[in-house]
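Everything on this sheet refers to the single structure shown next.
The values are calculated or read from the model by the stated rules, or taken from the named source; none is laboratory data. Here the structure is a predicted model, which is why all the values come from computation and not from measurement. Cβ sites come from the backbone with ideal geometry, for glycine too, and all protein chains shown count toward neighbours. Areas reflect the complete protein model, heavy atoms only, side chains present, ligands, DNA and RNA absent. Shrake-Rupley method; radii C 1.70, N 1.55, O 1.52, S 1.80 Å.
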Amino acid sequence: AGTWLELNNGIYLQSSYADLYAQLGLIQNSPKTFNSFSAITMASSSPSTEAWSSIAEGENGVAVAISNGTTGNRFARSTNGGQTWTGVIVPINAGYWVKVVYGNGTFVALNGRGTIVYSTDGGATWGSSALTIVDTGSAWVDIAFGGGYFIAIRSGTTTTNRSTNGISWSVAAG
């Protein structure tokens, strides 16, 4: 089991974010302990040990984890607060998933190419969308939810996209 820090509608693995933990320390009612992801049996042909990169907690004990592997649909879902995990198939085999977040009743995952997948039913089924791209060459590196908006950003640019529902995206005013 790993030690996870809950922050801004996301949960971060302590060993992966040592600098974050050094700055923030442990927050009251956190850390959460989720069972080890290495025991997940994925629903696709992916190997059971993945480089799990992000986890988001929704409502009623539902959580979604994603892998930053370069191939396969590497998503997993828990409906009991992380005690058990089941592989989930998403509609796009886009590789390198950056982060998953939860807001407005929707899980949203971003990959480095600007591909978005979303779930409005607790991670059971997924749809796909894309960000509005105004320049090329740099990767999408982060997504967050706050103030009623999902915000996605690109590396080395001022390009950001925003959405209220995680499905329809537009370039955010800079």
For the stretch 151-173, check the following and say yes or no: at least one residue is at positive phi and open to solvent by 30 Å² or more (accessible area, probe 1.4 Å). yes
Taking the criterion of being assigned to a loop (DSSP other than H, G, I, E, B) and touching a Pro at 6+ places or on another chain (Cβ under 8 Å), would at least one residue in the stretch 103-124 satisfy it? no
In the stretch 108-148, what residues are over 23 Å from residue 81 (Cα atoms) and open to solvent by less than 40 Å² (accessible area, probe 1.4 Å)? 111, 112, 114, 115, 116, 127, 129, 131, 138, 140, 148
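One line per residue, one yes/no per condition, for (1) surrounded by 15 or more Cβ atoms within 10 Å (Cβ to Cβ); (2) at pLDDT 80 or above:
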{"residue": "23", "(1), (2)": "no, no"}
{"residue": "63", "(1), (2)": "yes, yes"}
{"residue": "73", "(1), (2)": "yes, no"}
{"residue": "76", "(1), (2)": "yes, yes"}
{"residue": "81", "(1), (2)": "yes, yes"}
{"residue": "90", "(1), (2)": "yes, yes"}
Do we find that residue 143 is more than 15 Å from residue 54 (Cα to Cα), touching a strand residue (DSSP E or B) at 6+ places or on another chain (Cβ under 7 Å) and modelled with pLDDT of 90 or more in this structure? no
Kindly establish whether residue 103 is open to solvent by less than 20 Å² (accessible area, probe 1.4 Å) and modelled with pLDDT of 90 or more. yes
Hey, can you tell me all the residues within the stretch 130-165 that are in contact with a Ser or Thr (Cβ under 7 Å, 6 or more places away or on another chain) and assigned to a strand (DSSP E or B)? 130, 141, 149, 150, 151, 152, 153, 154, 161, 162
